[in-house]
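The values are calculated or read from the model by the stated rules, or taken from the named source; none is laboratory data. Note that the coordinates shown come from a computational prediction; the quantities given were computed from them, not determined experimentally. Reconstructed Cβ throughout: ideal geometry from the backbone, glycine too, with neighbour counts over all protein chains shown. When the accessible area is computed, the model is the full protein with side chains, heavy atoms only, and any ligands, DNA or RNA have been set aside. Shrake-Rupley method; radii C 1.70, N 1.55, O 1.52, S 1.80 Å.
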Amino acid sequence: MQLFYNADITNNQTTFTFDREESRHIVKVLRKKEGDTILLTNGKGSVFTAKVTFAADKKCIVDIVSEETSEPLPYYLHLAVAPTKMNDRYEWFLEKATEIGISEITPLICDHSERTSFKAERFEKILQSAMKQSLQYHLPKLNEPTSFKDFVNVEHEGQLFIAHCEETDKKLLKTEIQPKQKITVLIGPEGDFSIKEIALALQQQYTPVSLGNTRLRTETAAIVASHSVAFVNE
């Protein structure tokens, strides 16, 4: 069944009216008509079963028939990932990580970063689309870009990891993850973290980890980290 998202849907609501853009998509593109049933979510864990009562391309109204609450992921994964030079690679990461299962994302501005900004509105739409496509009901939180120093100097609960490519003692991420925990993983830019950044992270009790035997692109490393955490929690 098709899943729709709108952050404005509240618990115990009995009807909902879609805006013009979404109404046109529902009626003209998906050809939904009066009497059809659809699923709605507010991205906060609630899923609503609704019946179309008025179907027009400028206004679509539904009656909410039932409401359920979906459990969140059994873990909380926060990935702090440096923006990639090409935006489409970061967008790919956002999409796939959401499908796999992620809780929070922070674009991390590092010493070797070649990109320091992004289009937040577009990234939000990618997260929403991936959430709907994978039939999930919790929308990952997307934070504003944050400098590496500011990020690691803030206290984060749970297990803390930094994945880097320097030839130092590192543990495999997949062997260090504990199930049902809060986990933060730092993923650097194409030029990797600087020596200074790695040292700062270690001072803040981050564990240095490897994601495998090969050198990975930023977005690939982020996906490997996402999958490793999801796998341990299966």
Where residues in segment 148-194 are touching a Cys at 6+ places or on another chain (Cβ under 9 Å) and not hydrophobic (A, V, I, L, M, F, W, C), which of them is nearest to residue 222 (Cα to Cα)?
188
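Being in contact with a Ser or Thr (Cβ under 6 Å, 6 or more places away or on another chain) and among the acidic types (Asp, Glu) is true for just one of 111, 88. Which residue is that? Break it down into steps so the answer makes sense when it comes.
On the way: 88 fails: in contact with a Ser or Thr (Cβ under 6 Å, 6 or more places away or on another chain).
Step by step, each of 111, 88 is checked, and only 111 is in contact with a Ser or Thr (Cβ under 6 Å, 6 or more places away or on another chain) and among the acidic types (Asp, Glu).
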Looking at segment 198-217, is at least one residue in contact with a strand residue (DSSP E or B) (Cβ under 9 Å, 6 or more places away or on another chain), crowded, with 20+ Cβ neighbours inside 10 Å and touching a residue at least 60 places away in the same chain (Cβ under 8 Å)?
no
In segment 104-125, what residues are of a type outside the set (S, T, N, Q), surrounded by fewer than 19 Cβ atoms within 10 Å (Cβ to Cβ), more than 11 Å from the chain's Cα centre (by Cα) and not in a helix (DSSP H, G or I)?
111, 112, 114, 115, 118, 119
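Taking residue 141 as the residue in question, decide whether it is closer than 27 Å to residue 72 by Cβ, among the charged types (D, E, K, R) and crowded, with 16+ Cβ neighbours inside 10 Å.
Values: closer than 27 Å to residue 72 by Cβ: yes; among the charged types (D, E, K, R): yes; crowded, with 16+ Cβ neighbours inside 10 Å: no.
No; evaluated as a whole, the condition is false for this residue.
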Wholly within segment 3-51, which strands (runs of 3 or more DSSP E) include no fewer than the required count, namely at least 2 residues that are among the β-branched types (Val, Ile, Thr)?
15-18, 37-41
Filter segment 157-178 for residues that are open to solvent by 40 Å² or more (accessible area, probe 1.4 Å) and not charged (D, E, K, R) and give the result.
158, 165, 168, 172, 175, 178
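A quick yes/no check of all residues on (1) hydroxyl-bearing (Ser, Thr, Tyr); (2) touching a residue at least 60 places away in the same chain (Cβ under 8 Å):
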| site | (1), (2) |
| --- | --- |
| 88 | no, no |
| 91 | no, no |
| 94 | no, no |
| 98 | yes, no |
| 109 | no, no |
| 129 | yes, no |
| 139 | no, yes |
| 146 | yes, yes |
For segment 56-71, indicate whether the set of residues that are open to solvent by less than 10 Å² (accessible area, probe 1.4 Å), part of a loop (DSSP other than H, G, I, E, B) and touching a strand residue (DSSP E or B) at 6+ places or on another chain (Cβ under 9 Å) is non-empty.
no
Across segment 221-230, which residue is farthest from residue 189 (Cα to Cα) among those that are of a type outside the set (A, V, I, L, M) and crowded, with 18+ Cβ neighbours inside 10 Å?
228
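Would it be correct to say that residue 50 is under 30 Å from residue 179 (Cβ atoms), of a type outside the set (Ser, Thr, Tyr) and buried (at least 20 other Cβ atoms within 10 Å of the Cβ)?
Numbers: under 30 Å from residue 179 (Cβ atoms): no; of a type outside the set (Ser, Thr, Tyr): yes; buried (at least 20 other Cβ atoms within 10 Å of the Cβ): yes.
Against the criterion (under 30 Å from residue 179 (Cβ atoms), of a type outside the set (Ser, Thr, Tyr) and buried (at least 20 other Cβ atoms within 10 Å of the Cβ)), residue 50 does not qualify.
Using the structure shown, decide if residue 84 is closer than 19 Å to residue 197 by Cβ and hydroxyl-bearing (Ser, Thr, Tyr). Can you show your working first?
On the way: closer than 19 Å to residue 197 by Cβ: yes; hydroxyl-bearing (Ser, Thr, Tyr): yes.
Judged against the criteria, residue 84 is a match.
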Does any residue of segment 28-38 turn out to be surrounded by 13 or more Cβ atoms within 10 Å (Cβ to Cβ), without any contact (Cβ under 8 Å) to a residue 60 or more places away in the chain, touching a Lys or Arg at 6+ places or on another chain (Cβ under 6 Å) and more than 14 Å from residue 6 (Cβ to Cβ)?
yes
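Restricting to segment 78-91, and then to whatever is closer than 14 Å to residue 127 by Cβ and under 11 Å from the mean Cα position of the chain (by Cα), can you tell me which residue is least open to solvent (accessible area, probe 1.4 Å)? First the steps, then the outcome.
To start, the set of residues in segment 78-91 that are closer than 14 Å to residue 127 by Cβ comprises 79, 81, 90-91.
Checking the rest, the ones that are also under 11 Å from the mean Cα position of the chain (by Cα) come to 79, 91.
Numbers: 79: 0, 91: 27 Å².
In this case the residue turns out to be 79.
If the requirement is being over 30 Å from residue 220 (Cβ atoms) and modelled with pLDDT of 95 or more, which of these qualifies: 53, 69? Outline the logic, then answer.
On the way: 69 fails: modelled with pLDDT of 95 or more.
Going through 53, 69 in turn, the sole match is 53.
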